[in-house]
């Protein structure tokens, strides 16, 4: 019959796939996000920066992260969830990688404080939103258990 599509049924609820992917995104994102502290002492020793100036990159990160959340939500509505999460991964990973090439303090602020923070916002806000759509009952439990990925990433 024209116009009919074959719908393939999975042997399990697809929400569990979304749950697993969300868990993994949280684990990788928070693992990278909080790894910056490991590099503070070597960065300070390499460039002679004070703790205050180096730690300011984290302050900038969290301000940008907070301000980027509504922007990321609008971006997801405009270009789609998958593209937004992909872009977030590129920004967080790219920002983290660019930190290894830093020569000036402003570069640390830009690459970690802005680029990586924007990516981090996309990788938290969007998966949480998508996961909550798949679990109408026990939504809090699903999001809560997926958030265990945050702790796994920090371990």
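Based on what the data block shows, is residue 20 touching a residue at least 60 places away in the same chain (Cβ under 8 Å), surrounded by 12 or more Cβ atoms within 10 Å (Cβ to Cβ) and either out of contact with any helix residue (DSSP H, G or I) (no Cβ under 7 Å at 6 or more places or on another chain) or part of a helix (DSSP H, G or I) (or both)? Working first, answer last.
Values: touching a residue at least 60 places away in the same chain (Cβ under 8 Å): no; surrounded by 12 or more Cβ atoms within 10 Å (Cβ to Cβ): yes; either out of contact with any helix residue (DSSP H, G or I) (no Cβ under 7 Å at 6 or more places or on another chain) or part of a helix (DSSP H, G or I) (or both): yes.
No: the conditions fail for residue 20.
Checking the conditions here, which among 9, 78 is at pLDDT 90 or above and over 25 Å from residue 154 (Cα atoms)? Explain how you work it out, then say what you get.
On the way: 9 fails: at pLDDT 90 or above.
Answer to the selection: 78.
Quick test for you: out of 65, 34, 30, pick the one residue that is surrounded by fewer than 15 Cβ atoms within 10 Å (Cβ to Cβ) and out of contact with any strand residue (DSSP E or B) (no Cβ under 8 Å at 6 or more places or on another chain).
Values: 65 fails: surrounded by fewer than 15 Cβ atoms within 10 Å (Cβ to Cβ); 30 fails: surrounded by fewer than 15 Cβ atoms within 10 Å (Cβ to Cβ).
Going through 65, 34, 30 in turn, just one is surrounded by fewer than 15 Cβ atoms within 10 Å (Cβ to Cβ) and out of contact with any strand residue (DSSP E or B) (no Cβ under 8 Å at 6 or more places or on another chain): 34.
Which one of 44, 103 is out of contact with any strand residue (DSSP E or B) (no Cβ under 9 Å at 6 or more places or on another chain) and loosely packed, with under 11 Cβ neighbours inside 10 Å?
Values: 44 fails: loosely packed, with under 11 Cβ neighbours inside 10 Å.
Only one candidate qualifies: 103.
Might you check whether a residue that is without any contact (Cβ under 8 Å) to a residue 12 or more places away in the chain, over 30 Å from residue 53 (Cβ atoms) and in contact with a helix residue (DSSP H, G or I) (Cβ under 7 Å, 6 or more places away or on another chain) occurs anywhere in the range 137-154?
Taking every residue of the range 137-154 in turn, at least one turns out to be without any contact (Cβ under 8 Å) to a residue 12 or more places away in the chain, over 30 Å from residue 53 (Cβ atoms) and in contact with a helix residue (DSSP H, G or I) (Cβ under 7 Å, 6 or more places away or on another chain).
Can you list the helices (runs of 4 or more DSSP H) lying wholly within the range 68-155 that have 3 or more residues being within 20 Å of residue 13 (Cβ to Cβ)?
Correct list: 117-134, 139-146.
The values are calculated or read from the model by the stated rules, or taken from the named source; none is laboratory data. Note that this is a predicted model, so its numbers are computed, not measured. So basically every Cβ, Gly included, is an ideal-geometry build from the backbone, and we count neighbours across all protein chains shown.
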